[in-house]
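S.K.: Could you have a look at this structure, given as structure tokens, before my questions?
The values are calculated or read from the model by the stated rules, or taken from the named source; none is laboratory data. Model, not experiment: these values are computed from the prediction. Every residue, glycine among them, receives a Cβ derived from its backbone with ideal geometry; neighbour counts consider all protein chains shown.
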């Protein structure tokens, strides 16, 4: 890896992926955006336009579909792969990557920037020779407003850490990447226990994502509502109740800190609300389902999560009737 330039493939160049890609490309790193549909067509024909309160990007980009990516590139063409796809297709993407990687016998570094707590384990299962890095994109809202056009807001911090038992690389490697990201104006923190941080983020995901899809409210209106705000807090508490399954201890203090964060953060439409409005598949099983699955293992009641899961599941079924 050059100390001056990274070669980065962004698998899933949606709102979040495009934001980080634009930041890195603006810092003169080589970025390939892997997308699909009308968004891909717009990226290839007109480039990427991204607006953020502190950053504007409008430039041509290198973009392609995943199948074209496999044809045109080899695994060692890139230093890092940022995985920004929805968590409900992590396994599908991992299975598609597996034969391509196996063909070239090349170890790659994958940084997962996704919702949920199960993505890294899925990647490790299907890509055993890869160096898997857990990651979180925090305090960021980013959505495709039109094909090729992305709106983003927030500090957009990255938290990264080695996934337990993943292919070993030194902490100095993570430190080098962190410094490069920060030079690209991406605040980055390295942690020793990334699973704990993923569970802390699940507090917010389970608290606001499903309820926002049901109500149509952004995070500020939701958390400041006299009734919904209390439900958000209870949904977050239920995540803490089941975290012991992963041998992580999420305390009431953690719940209170993350609840305060989402209440004071500028209002955003959650990714689940955007997906619901656009008729796309939801990360319901990857967020609420992760809590329900673990509640069954330890026989703990999580009634708030049960209710919002059932309501959303019912709404989704109505769409296909």
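S.K.: Would you check which residues across segment 249-288 are within 14 Å of residue 200 (Cβ to Cβ) and surrounded by fewer than 18 Cβ atoms within 10 Å (Cβ to Cβ) and list them?
M.R.: 249, 251, 252, 253, 256, 257, 260, 261
S.K.: Can you report the number of residues in segment 67-92 which are closer than 27 Å to residue 271 by Cα and buried (at least 17 other Cβ atoms within 10 Å of the Cβ)?
M.R.: Number of matching residues: 11.
S.K.: Inside segment 93-110, can you point out the residues that are within 25 Å of residue 139 (Cβ to Cβ) and either without any contact (Cβ under 8 Å) to a residue 12 or more places away in the chain or surrounded by fewer than 23 Cβ atoms within 10 Å (Cβ to Cβ) (or both)?
M.R.: Within segment 93-110, just 109 meets the criteria.
S.K.: Could you name every one of the strands (runs of 3 or more DSSP E) located completely within segment 45-97 that has at least 3 residues being modelled with pLDDT under 95, on the phi > 0 side of the Ramachandran plot and not assigned by TED's automatic domain parsing to the domain that holds residue 25?
M.R.: By residue number, no strands (runs of 3 or more DSSP E) qualify.
S.K.: Shifting gears a bit: Testing residue 122 on (1) at pLDDT 95 or above; (2) in contact with a strand residue (DSSP E or B) (Cβ under 7 Å, 6 or more places away or on another chain), one condition comes back false. Which one is that?
M.R.: (2)
S.K.: Within segment 175-184, is there a residue that is touching a helix residue (DSSP H, G or I) at 6+ places or on another chain (Cβ under 6 Å), more than 30 Å from residue 277 (Cα to Cα) and either part of a strand (DSSP E or B) or at pLDDT 95 or above (or both)?
M.R.: yes
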